[in-house]
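Reviewing the structure listed below.
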Amino acid sequence: MKPFKFQKFSIQQDKSVFRVGTDAVLLGILSNVYQAKQILEVGTGTGIISLMLAQRNSNANILAIDINSEAVSISQANFSNSPFSDRIKSWLQDFKNFENQERFDLIISNPPYFEINNSEKDILARQRLELDFSDLIQKASQLLSDEGLFSVIIPIDSEKQFTQICLENNLFLKRKVIIKGIKTAEPKRVVLEYSFQQSEVKEENFIIEKSPRVYSDEYLDLTKDFHLFNKKPL
């Protein structure tokens, strides 16, 4: 497969690992990363989210884990070939069994969201076979620092269920970004950020395309340091 190229790094892809998608890019540009020094990405795939966070925060050290050995191999190769190789590493790890003495300032994930079915396409990345919402949230609450953030992107119709499970684990919704693929469409995705501190929820709206195949100004602004089509000529 052809690599997915950004301005400062490239993503090698493989048929056995979930490819670069819009959800990952959105989480990479919309998550609040600037105060985080220790970051954990759960289910890294190709490593795109971790690479975007490393570019956005030069002080962050990032551990990216995945249960798929092919994903770990390709993400580590992508990390090693990037300008941020000294600050990111990839481990083969089942998150349910993950233990770490140090707590993380940011735990981030683009989690599996399809209910179990007979499809074999991207079976671990897209279906809740190895890690369901409850497993993800419970473990994240154990590994998050007192002032840390837990950030995910999920289908908007799963928000209520996800937030309820977070509440059961003493995690409170702090920020949500409602995402529309196109201005005239109904929202399908939402970026959610949780913390142990209860506060008023900051709600934002984000539109990817203002008309078919025409990116919105806000999308172009947030991706201006990543996408090649945003790079201004010298």
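The values are calculated or read from the model by the stated rules, or taken from the named source; none is laboratory data. Remember, it's a predicted structure, so these values are computed and weren't measured experimentally. Positions of Cβ are generated from backbone atoms using ideal geometry, with glycine treated the same way; all protein chains shown enter the neighbour counts. SASA here: full protein model, heavy atoms, side chains in, ligands and nucleic acids out. Shrake-Rupley method; radii C 1.70, N 1.55, O 1.52, S 1.80 Å.
Test each condition in (1) in contact with a Lys or Arg (Cβ under 6 Å, 6 or more places away or on another chain); (2) free of Cβ contacts under 8 Å to residues at least 12 places away in the same chain for residue 13 and report the one that comes out false.
Unmet condition: (2).
Taking the stretch 129-146 only, how many residues are without any contact (Cβ under 8 Å) to a residue 60 or more places away in the chain and open to solvent by 30 Å² or more (accessible area, probe 1.4 Å)?
7
Of (1) over 24 Å from residue 20 (Cβ atoms); (2) surrounded by 15 or more Cβ atoms within 10 Å (Cβ to Cβ); (3) touching a Leu at 6+ places or on another chain (Cβ under 7 Å); (4) among the aliphatic types (A, V, I, L, M), residue 191 satisfies all except one. Which?
Just one mismatch for residue 191, condition (1).
Inside the stretch 73-91, can you point out the residues that are in contact (Cβ under 8 Å) with a residue 60 or more places away in the chain and either out of contact with any Leu (no Cβ under 7 Å at 6 or more places or on another chain) or within 15 Å of residue 57 (Cα to Cα) (or both)? Full working, then the answer.
First, pick out the residues of the stretch 73-91 that are in contact (Cβ under 8 Å) with a residue 60 or more places away in the chain: 74, 77-78, 81-84.
Once the filter is applied, which keeps residues that are in contact (Cβ under 8 Å) with a residue 60 or more places away in the chain and either out of contact with any Leu (no Cβ under 7 Å at 6 or more places or on another chain) or within 15 Å of residue 57 (Cα to Cα) (or both), the stretch 73-91 yields 74, 77, 81, 82, 83, 84.
In this structure, does residue 223 turn out to be open to solvent by 50 Å² or more (accessible area, probe 1.4 Å) and of a type in the set (Ser, Thr, Tyr)? Before you say what the answer is, go through the steps one by one.
Values: open to solvent by 50 Å² or more (accessible area, probe 1.4 Å): no; of a type in the set (Ser, Thr, Tyr): yes.
Spelling it out, it is not the case that residue 223 is open to solvent by 50 Å² or more (accessible area, probe 1.4 Å) and of a type in the set (Ser, Thr, Tyr).
I need the strands (runs of 3 or more DSSP E) fully contained in the stretch 139-234, keeping only those with at least 1 residues that are over 24 Å from residue 39 (Cα atoms) and under 18 Å from the mean Cα position of the chain (by Cα). Let's see the steps before the verdict.
On the way: elements: 144-155, 172-182, 189-195, 202-211.
It comes to 172-182, 202-211.
Of everything in the stretch 17-43, what is without any contact (Cβ under 8 Å) to a residue 40 or more places away in the chain and over 26 Å from residue 2 (Cα atoms)? Give them in sequence order.
The one that is without any contact (Cβ under 8 Å) to a residue 40 or more places away in the chain and over 26 Å from residue 2 (Cα atoms): 34.
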